Amino acid sequence: MLRFRRRTCITLGIFILFVCFIMMGLKTLRPDSAAFGSPFGLGLLPKFQREAEPDTESRVQAGPSAQTQSIILQGSAIMQTDTVDLPPPNYDLHIFYYTWYGNPQFDGKYIHWNHKLLKHWDAKIANNFPNGEHKPPDDIGANFYPELGPYSSKDPSVIDAHMKQMRSASIGVVSLSWYPPGMSDDNGEPWDDLVPVILDAAHKYELKVTFHIEPYQSRDDRSLRSNVVYIIDKYGSHPAFYHSKTSTGRTLPMFYIYDSYITSPDTWANLLTLSGSQSIRNTPYDGIFIALLVEEKHKYDIHRSGFDGLYTYFATNGFSFGSSHHHWSSLKTFCDTNNLIFIPSVGPGYIDTSIRPWNFQNTRNRINGKYYETALNAALMVRPSIISITSFNEWHEGTQIEAAIPKKNGLVKYEDYLPYKPNMYLQLTRKWSEKFVKEKEQWLV
């Protein structure tokens, strides 16, 4: 009997050791797609410091490895990914996104990272500051340095990583900076052909895409109508194309119109009112059109123009009437009274002295996230239906929430998110997105 017990104990001990070896082996097989954390970024804030910090190299490679984790559904070109460890998207949280960056690997040259230093309009002031342009990869047109390096917006792994970062932050809608085919900003190149790739990547992470139409030369009621027809005809049937429900119960696409105040209210009214000569209302191309408010008087112009709402865009508190937090309450009241949508824009900070070296007065320090949280709290206080974020990756103006890393060389020492991790602002966004959802539930009670 004693011999039997001894044999049983030995057998059991061997079995336990075998199970331990198996578990240790499985632990080493942690998939690359978990490189951002599980869930993303929980190691960021002090109360989550017990989580291990993700390795920088694996974070950079998150795009390609995520692609290897995906499965291709038969009968569909859209890739679906396991998003079980990511928070649900908040479709009332929009973020401005730029795809104007290029590098030699994908574009044959650097684009936008080599941004020119812009001169002050006063020659006496301009002469006191340097000119020329930046020389990547170590010298880029930004005060922060991206974790992904000076990337190309055409790089599929970069697009995938960006969409995953946005989803990890519980963002729901990507507001895509857009120029008509063949057009671009002064420092970039046309890239409308990239839109289908962005839509596919957004759909993979259950995000939606709306269009932030930029102020190209000669934009007016006729050309904007043509733009809307083009966008809806070409992209409107894609499952990632964003639609929003109006106060009348209709579901329509939304368009942000940057620098809308450049065009006269009468011209916009031709397009956006029922009696306008170019009216788009009650046609298959109707939509929700959001104008940019800079000065207080713009709210009357926006209403007269036939716009459906307004946004404030700028991340610099105090820079304009619209971007000043203490004006949001009165703007929300005006919008409620006139059946307009008020979309305050929040940002993590502002610094553009890498391209405007004379513009230090508009710098807004991030204060380790406090500036961002103050803006988000101010936005929630006015109970908006939608909040927009400036921005995901406008690196030139230092408003990005995209992951950034510390970097210095003989030329420059870049700003960073220390003492926190590269994903700090993604995690803060997730925190406030979840708070936004909970607050909205209370507003409806």
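The values are calculated or read from the model by the stated rules, or taken from the named source; none is laboratory data. Computed from a prediction, not measured in an experiment: that's the story for all the values here. Counting neighbours? That spans all protein chains shown, and the Cβs are built from the backbone with ideal geometry, glycine included. These area figures cover heavy atoms from the full protein model, side chains too; ligands, DNA and RNA do not enter into them. Shrake-Rupley method; radii C 1.70, N 1.55, O 1.52, S 1.80 Å.
Numbers below:
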quantity: Residue satisfying all of: in region 397-445; among the hydroxyl-bearing types (Ser, Thr, Tyr) and not in a helix (DSSP H, G or I); farthest from residue 382 (Cα to Cα) among these; calculated: 414
quantity: Answer from 247, 218 - the residue that is open to solvent by 60 Å² or more (accessible area, probe 1.4 Å), part of a loop (DSSP other than H, G, I, E, B), in contact (Cβ under 8 Å) with a residue 60 or more places away in the chain and within 30 Å of residue 297 (Cβ to Cβ); calculated: 247
quantity: Residue in region 50-62 that is surrounded by 15 or more Cβ atoms within 10 Å (Cβ to Cβ), at pLDDT 50 or above and hydrophobic (A, V, I, L, M, F, W, C) present; calculated: no
quantity: Those residues of region 250-264 which are surrounded by 14 or more Cβ atoms within 10 Å (Cβ to Cβ) and in contact (Cβ under 8 Å) with a residue 40 or more places away in the chain, in sequence order; calculated: 253, 254, 255, 256, 257, 258, 259, 260, 261, 263
quantity: Long-range neighbours under 6 Å by Cβ, at least six apart or interchain, first residue on the phi > 0 side of the Ramachandran plot within region 164-180, second part of a helix (DSSP H, G or I) and surrounded by fewer than 24 Cβ atoms within 10 Å (Cβ to Cβ); calculated: 170/433
quantity: Any hit, region 340-358, residues being open to solvent by 10 Å² or more (accessible area, probe 1.4 Å), in a helix (DSSP H, G or I) and not charged (D, E, K, R); calculated: no
quantity: Hey, residue 444 out of contact with any Asp or Glu (no Cβ under 8 Å at 6 or more places or on another chain), more than 30 Å from residue 187 (Cα to Cα) and either at pLDDT below 95 or among the acidic types (Asp, Glu) (or both) or not; calculated: yes
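Quick grid of which residues meet (1) open to solvent by 10 Å² or more (accessible area, probe 1.4 Å); (2) over 19 Å from the mean Cα position of the chain (by Cα); (3) of a type in the set (A, V, I, L, M):
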{"site": "379", "(1), (2), (3)": "no, no, yes"}
{"site": "383", "(1), (2), (3)": "yes, yes, no"}
{"site": "391", "(1), (2), (3)": "no, no, no"}
{"site": "399", "(1), (2), (3)": "no, no, no"}
{"site": "407", "(1), (2), (3)": "yes, yes, no"}
